[in-house]
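Asker: Got a structure for you, questions after.
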Amino acid sequence: MKSHAYQYISLIIDSKPLYRLITKIGRASNIILDLEDSVGDPDNCELTKSLKRTARTNLLNLFKENPDIKVGLRINAIGSSEFKQDLVLLNKLKWVKWDFVVIPKLESSEMLTKYAMALRGTNCKGIIICIESEKGIKNLDSILKNNTDHKIS
């Protein structure tokens, strides 16, 4: 059985120390830059919005300064205002060749299709799905069977 190591890194870190961290950890595992759960305060919505703006700025600066790094990106859940902002950012970073995009909180094959359509035009080798609910677990067979055209893991 083939296995892969993944390391999530919050994008709250400024771009220069973030790059140093990526280059050190990236030798041992696949890096996932996280715009979702590692960015925010569950008790303070306004602070979370501010932190997510900072994270997107850090990501943009990281790639302006280091255009050839190879990483994955975890985005926010579809339907959220944060997801819409992630799409705006991805549009600004169309030239980036993502190793993969991690989509959170997937619950159905229809939801995966919506993600895939929203991410069309994004330069990514694959999609990693995160099943985080009972509904997602119940629908996992359907998700995998009905979406063979998406490059999912």
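Asker: Once the piece of chain linking I25 and K94 is laid out straight, how much longer is it, given 0.36 nm per residue of separation minus the C-alpha distance between them?
Answerer: Details: separation 69, 0.36 × 69 = 24.84 nm, distance 2.49 nm.
Extra length from I25 to K94 when fully extended: 22.4 nm.
Asker: What size of dipole, in debye to the nearest 20, comes out for the chain about its Cα centre when the only charges are +1 on Lys and Arg C-beta atoms and -1 on Asp and Glu C-beta atoms?
Answerer: Numbers: 24 positive and 18 negative charges, 136 e Å.
That gives a dipole near 660 debye.
Asker: Still on this model: What is the extension gain from K64 to T48, computed as 0.36 nm multiplied by their sequence separation minus the C-alpha to C-alpha distance, in nm to one decimal? Show your work: numbers first, answer last.
Answerer: Values: separation 16, 0.36 × 16 = 5.76 nm, distance 2.43 nm.
Fully extending the segment from K64 to T48 adds 3.3 nm.
Asker: Scan around Y8 for amide H atoms under 5 Å from its own, H built in the peptide plane at 1.01 Å from N, and keep only partners 5 or more places away or cross-chain.
Answerer: The list, which skips near neighbours in sequence, is I32.
Asker: Just to confirm my numbers, what's the Cα centroid distance between the stretch 51-65 and the stretch 81-153 in Å?
Answerer: Their Cα centres are 21 Å away from one another.
Asker: Here is a follow-up. For the stretch 2-65, what size does the Cα cloud have along each of its three principal axes, sorted from largest down, in whole Å?
Answerer: Result for the stretch 2-65: principal-axis Cα extents of 40, 29, 13 Å.
Asker: Right, next: To one decimal place, what Kirkwood hydrodynamic radius in Å is obtained for the chain from all pairs of distinct Cα atoms?
Answerer: Numbers: mean 1/r = 0.0626 Å⁻¹.
The Cα-based Kirkwood calculation yields 16.0 Å.
Asker: Solvent-accessible area per residue for the chain at a 1.4 Å probe radius, Å²? Provide the component values of the computation, followed by the final result.
Answerer: On the way: 8760 Å² over 153 residues.
Using a 1.4 Å probe on heavy atoms only, each residue of the chain averages 57 Å².
Asker: When the chain is modelled as a GNM with alpha-carbon springs shorter than 10 Å, which of D43, D68, D99 fluctuates the most?
Answerer: Checking each option, the largest mean-square fluctuation is seen for D43.
Asker: Looking at this model, which pairs from K70/K114; K70/K145; K16/K94; K49/K125; K2/K92; K52/K97 are more than 31 angstrom apart at the alpha-carbon?
Answerer: Working: K70/K114 25 Å; K70/K145 29 Å; K16/K94 21 Å; K49/K125 29 Å; K2/K92 34 Å; K52/K97 22 Å.
Table pairs above 31 Å Cα-Cα are K2/K92.
Asker: Angle, helix 81-92 long axis vs. longest principal axis of the chain, Cα atoms, 0 to 90°, nearest 10?
Answerer: Roughly 70 degrees, rounded to the nearest 10.
Asker: When the Karplus curve 6.51 cos²θ - 1.76 cosθ + 1.60 is applied with θ = phi - 60°, which whole-Hz ³J(HN,Hα) does each residue of the stretch 60-69 get, with x for Gly and Pro?
Answerer: After applying 6.51 cos²θ - 1.76 cosθ + 1.60, I find 4, 5, 4, 7, 5, 7, 9, x, 9, 5 Hz.
Asker: For V101, which sequence-distant residues (separation of 5 or more, or a different chain) have an amide H within less than 5 Å of its own amide H, given hydrogens modelled in the peptide plane?
Answerer: Counting only residues 5 or more places away or on other chains, the set is L73, G126, I127, I128.
Asker: So, one more: Which residue, V102, V88, V39, has the most motion in a Gaussian network model of the chain that connects Cα atoms within less than 10 Å?
Answerer: Comparing V102, V88, V39 in a Gaussian network model of the chain, the most mobile one is V88.
The values are calculated or read from the model by the stated rules, or taken from the named source; none is laboratory data. Everything quoted here is computed from the prediction, not taken from an experiment. So basically every Cβ, Gly included, is an ideal-geometry build from the backbone, and we count neighbours across all protein chains shown. Heads up: the accessible areas ignore ligands, DNA and RNA and are worked out on the full protein's heavy atoms, side chains in. Shrake-Rupley method; radii C 1.70, N 1.55, O 1.52, S 1.80 Å.
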